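Visitor: Sharing a structure with you now.
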Amino acid sequence: MFHSSSSSRRDFLAAAAILGAPALLRGAPVGEAIKVGLVGCGGRGTGAANQALNADDNSILTAVADVDQSRIDYCLNTLRKQQGDKAARKVAVEKSHQFLGLNAYQQLIDSGVDVVLLATPPGFRPQHLRATIEGGKHVFCEKPIATDAPGVRHVLETVKMAKQKNLNLVAGFCWRYSNYIVDTFNQIHSGAVGDLIAYHATYYTNPVKPMPPASARPAGMSDIEWQIRNWYNFCWLCGDSIVEQAVHSVDKVAWAMNDKPPVSCVAVGGRQIPAEAGDIYDHFEVNYIYPNGVRAFVANRQIRGCYNETADYIMGKDGLCTIGHGPVPVITGKTNWTWQGQKYDMYQKEHDELFAAIRKNKPINDGERMGTSTLLAMMGRMAAYTGQQITWEQALNSQEKLGPATIEWNGSFTPRATPMPGITKFL
């Protein structure tokens, strides 16, 4: 990060930049303000904004966008408390730059920001990311990047545009920015466990945002608004639990396999605990088949009262690496290794790297691997939903679009029924 010895000088430079500086396209000299816009003012978006403000001494939040003014108000109040005595300088969002509605993201992009933080439900990610890159902005893009294969393909095209424009695209796959996990995977890729045989990942946890009963829906509220306000329960908005949450574990599998795709997968999954509505499962288990007979198994569950664990067991010909089943990663076998050091905040590191790259004009582009990891999780979902063996090519080329053709706040939309293996089709 970059620091000035004079707070008054910082304040002057920041204020001057807000008033008249042009949009940032490439690099930014130390001391020049970097104007940040946040799309999606929920908990993750608020956290990302705080991290962006902490990542650079002259990063300033100048615009926010959401569909709900109360979330904007809560977000800004939270940020002001978190920023403390820096709040007046760091959280500089005028009322005219608090954008509301489904098109608010475009207003924010056009408002003169330099960096856009995308933290809405992932069903909106392909559209928002394309508009941000077309607008010449650097991006922090939360995971996953889409909820269906057409969305993934759309994003991969956008990734190429970002490279052509020399823009930063940092993904919210936070474990890639964790020092102790980076060190562990360096050990794996250096042969500490030998050639990989299998990878077993677990993501057993509680429900994230349970669906409220239909009686809680206010009179006159449209289908679209009701579903967006309860986005985690609808696959077109969240991608289901394996794509929205357990994709972190899937991303580590992809990392171990050098981001090369598997040949195929089979999976099981379903809805064990009845839900008020929505169409998502509460458990999955996927068996990925890689070349040379290497297997990867990813299991996730979101059910109360069950055994919880988020762990990784990486098995090689010469040893075993365990992550998450103890305070630090451990390798046993031919090589015995235990991670040592001080863990840093991986969420903060993502933004530290992003803003440092902007300052140095050395762009980061996480796009291809974030596409691989999202589709890998999606592939497992397809196999569980249909009960079929799914190849990588089938997943990548799927034509299934989950959401409505057009999204209007007062619009009607009936999601498909909860998938039934052996009956549900996806191509």
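The values are calculated or read from the model by the stated rules, or taken from the named source; none is laboratory data. These numbers come from a predicted model, not from an experiment. Cβ placement follows ideal geometry from the backbone for every residue including glycine, while neighbour counts extend to all protein chains displayed.
Visitor: Quick one: how many residues across the range 380-414 are of a type in the set (S, T, N, Q), touching a Phe, Trp or Tyr at 6+ places or on another chain (Cβ under 7 Å) and in contact (Cβ under 8 Å) with a residue 60 or more places away in the chain?
Guide: Here is the first cut: in the range 380-414, the ones of a type in the set (S, T, N, Q) are 386, 388-389, 391, 394, 397-399, 406, 410, 412, 414.
Filter once more, keeping what is touching a Phe, Trp or Tyr at 6+ places or on another chain (Cβ under 7 Å): 386, 398.
Cutting the leftovers down to in contact (Cβ under 8 Å) with a residue 60 or more places away in the chain gives us 398.
Total meeting the criteria: 1.
Visitor: Would you call Gly194 assigned by TED's automatic domain parsing to the domain that holds Gly380, without any contact (Cβ under 8 Å) to a residue 12 or more places away in the chain, at positive phi and assigned to a loop (DSSP other than H, G, I, E, B)?
Guide: Details: assigned by TED's automatic domain parsing to the domain that holds Gly380: yes; without any contact (Cβ under 8 Å) to a residue 12 or more places away in the chain: no; at positive phi: yes; assigned to a loop (DSSP other than H, G, I, E, B): yes.
It is false that Gly194 is assigned by TED's automatic domain parsing to the domain that holds Gly380, without any contact (Cβ under 8 Å) to a residue 12 or more places away in the chain, at positive phi and assigned to a loop (DSSP other than H, G, I, E, B).
Visitor: Is there a residue in the range 213-224 that is more than 27 Å from Tyr281 (Cα to Cα) and under 18 Å from the mean Cα position of the chain (by Cα)?
Guide: So in the range 213-224, the residues more than 27 Å from Tyr281 (Cα to Cα) come out as 219-220.
Narrowing the set further to residues that are under 18 Å from the mean Cα position of the chain (by Cα) leaves none.
No, the range 213-224 has no match at all.
Visitor: Output the number of residues of the range 134-143 satisfying the condition of being out of contact with any Phe, Trp or Tyr (no Cβ under 6 Å at 6 or more places or on another chain) and part of a loop (DSSP other than H, G, I, E, B).
Guide: Kept after step one, since they are out of contact with any Phe, Trp or Tyr (no Cβ under 6 Å at 6 or more places or on another chain), are these residues of the range 134-143: 134-142.
The next check asks that each one be part of a loop (DSSP other than H, G, I, E, B); those that pass are 135-137, 142.
Residues that pass the stated criteria total 4.
Visitor: Tell me the residue from Pro207, Pro274, Pro262, Pro218 that is part of a loop (DSSP other than H, G, I, E, B) and crowded, with 23+ Cβ neighbours inside 10 Å, please.
Guide: Result of the check over Pro207, Pro274, Pro262, Pro218: Pro262.
Visitor: Shifting gears a bit: Residue under question is Ala131, and the condition is that it be part of a loop (DSSP other than H, G, I, E, B) and either under 15 Å from the mean Cα position of the chain (by Cα) or surrounded by fewer than 22 Cβ atoms within 10 Å (Cβ to Cβ) (or both); does it hold? Steps first, please.
Guide: Values: part of a loop (DSSP other than H, G, I, E, B): no; either under 15 Å from the mean Cα position of the chain (by Cα) or surrounded by fewer than 22 Cβ atoms within 10 Å (Cβ to Cβ) (or both): yes.
No.
Visitor: For residues that are touching a residue at least 24 places away in the same chain (Cβ under 8 Å) and touching a Pro at 6+ places or on another chain (Cβ under 9 Å), scanning just the range 296-332, find the one that is nearest to Tyr232 (Cα to Cα).
Guide: Gln302
Visitor: For the range 90-118, which positions are charged (D, E, K, R) and surrounded by fewer than 20 Cβ atoms within 10 Å (Cβ to Cβ)?
Guide: Pass one, the range 90-118, residues charged (D, E, K, R): 90, 94-95, 110, 114.
Once the filter is applied, which keeps residues that are charged (D, E, K, R) and surrounded by fewer than 20 Cβ atoms within 10 Å (Cβ to Cβ), the range 90-118 yields Glu94, Lys95, Asp110.
Visitor: Moving on. Out of the residues in the range 184-204 meeting the condition of being in contact with a Gly (Cβ under 7 Å, 6 or more places away or on another chain) and closer than 22 Å to His325 by Cβ, tell me which one is surrounded by the most Cβ atoms within 10 Å (Cβ to Cβ).
Guide: By that ranking, first place goes to Val193.
Visitor: Of all the strands (runs of 3 or more DSSP E) wholly in the range 286-334, which have at least 1 residues that are surrounded by fewer than 17 Cβ atoms within 10 Å (Cβ to Cβ) and more than 26 Å from the chain's Cα centre (by Cα)?
Guide: Details: elements: 295-302, 309-316, 319-323, 330-333.
Strands (runs of 3 or more DSSP E) meeting the threshold: 319-323, 330-333.
Visitor: Among the residues of the range 144-161, is there at least one that is outside any helix (DSSP H, G or I), under 19 Å from the mean Cα position of the chain (by Cα) and among the small types (Gly, Ala, Ser)? Don't jump to the end; show me each part of the working.
Guide: Here is the first cut: in the range 144-161, the ones outside any helix (DSSP H, G or I) are 144-148.
With under 19 Å from the mean Cα position of the chain (by Cα) added as a condition, the list becomes 144-148.
Remaining after also requiring among the small types (Gly, Ala, Ser): 146.
Checked against the condition, which is being outside any helix (DSSP H, G or I), under 19 Å from the mean Cα position of the chain (by Cα) and among the small types (Gly, Ala, Ser), the range 144-161 yields at least one hit.
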